[in-house]
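See below for the structure under consideration.
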Amino acid sequence: MTREIIAILRGLTPKDCIEITDALIENGITKIEVPLNSPDPFDSIARMVEHAGNAALIGAGTVLTTADVGRLAEIGAQMVVSPDANPDVIRETKARGLLSYPGVLTPTECFSALRAGADGLKIFPAFKLGTDGLKAIRAVLPSQTPIYAVGGVGPSDFADWRTAGAQGFGIGTSLYTPGLSATEVGKRAKAMSDAFDAAFG
């Protein structure tokens, strides 16, 4: 099954990017973002795209400008994730043929992002909205809208967020922090995959 888990690899370096990518893919996580405030992120993303091929969806997080979107398109990235819902970034992302997952927290931001062409919504920070808040917003959104809960969400509450209307999750520090070995990242990815399967299977 395709697990709607986006691995957020903040702080990843080009030196470590391939073995970490392999560890994630081998353990069932095939959507991967490198935030642009990581060291040499475009280098890492380019290497990961070339290495993974069709085995994973590789993109960037913390994307704030249309110039960054253009650069990502040029190196073959497939996904743009942002902490905000900048309509210009969303439109440029879609014009370049990439998937757009902007960060939102309110109904106004959700609908503005969808009108600009977003493929899915990143509820961030999810722990501030809570599952009750997501249920309320989910009731007014188009039913087919993919929603990812990001920030303060972990495998122990995947099922609760699913019940509230989330289809997926963005997972950062509980999956990866700089300095972790590929072996440890693989173990964490396996645990995340198992928890997702239990909640959504």
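Side notes on the structure shown:
- Simple label model, 7 Å out from Cα along Cβ direction - Asn54 to Leu141, nm: 3.0
- Taken along its principal axes, the alpha carbon cloud of segment 124-201 reaches lengths of 43, 26, 19 Å, longest axis first.
- Label-point separation, Lys15 to Asp132 (7 Å along Cα→Cβ), nm: 4.8
- Expressed as a whole percent, the accessible surface of the chain that belongs to carbon and sulfur atoms is 51, based on a 1.4 Å probe.
- Scattering curve values for segment 4-135, log₁₀ I(q)/I(0), Debye with Cα scatterers, q = 0.13, 0.14 Å⁻¹: -0.51, -0.59
- Evaluated at q = 0.31, 0.32 Å⁻¹: base-10 log I(q)/I(0), Debye formula over Cα of segment 80-122: -1.07, -1.14
- For segment 2-96, accessible area per residue (1.4 Å probe, heavy atoms of protein chains only), Å²: 41
- DSSP bridge orientation in the chain - percent antiparallel, rounded to nearest 5: 0
- Dipole of segment 49-156, positive direction: furthest Cα of Gly76, Ser112, Gln144, with charges on the beta-carbon: Gln144
- Plainly put, segment 46-201 has a radius of gyration that is 0.97 times its Kirkwood radius, both from alpha-carbon atoms, as the Rg/Rh ratio.
- Largest GNM mean-square fluctuation across Ile137, Ile29, Ile147, computed for the chain with C-alpha springs under 10 Å, falls on Ile137.
- Rounded FRET efficiency, nearest 0.05, which uses the C-beta distance separating Arg96 from Ala191 and R0 of 35 Å: 0.50
- Dipole size of the chain about its Cα centre, with +1 on Lys/Arg Cβ and -1 on Asp/Glu Cβ: approximately 400 debye, rounded to the nearest 20.
- Segment 1-64 - convex hull of alpha carbons, volume per residue in Å³: 74
The values are calculated or read from the model by the stated rules, or taken from the named source; none is laboratory data. What you see is a predicted model, and the numbers here were worked out from it, not measured in a lab. A quick note on method: Cβ atoms are made from the backbone with ideal geometry, for glycine too, and the neighbour counts reach across all protein chains shown. Quick note on the areas: whole protein, heavy atoms, side chains included, nothing else; ligands and nucleic acids left out. Shrake-Rupley method; radii C 1.70, N 1.55, O 1.52, S 1.80 Å.
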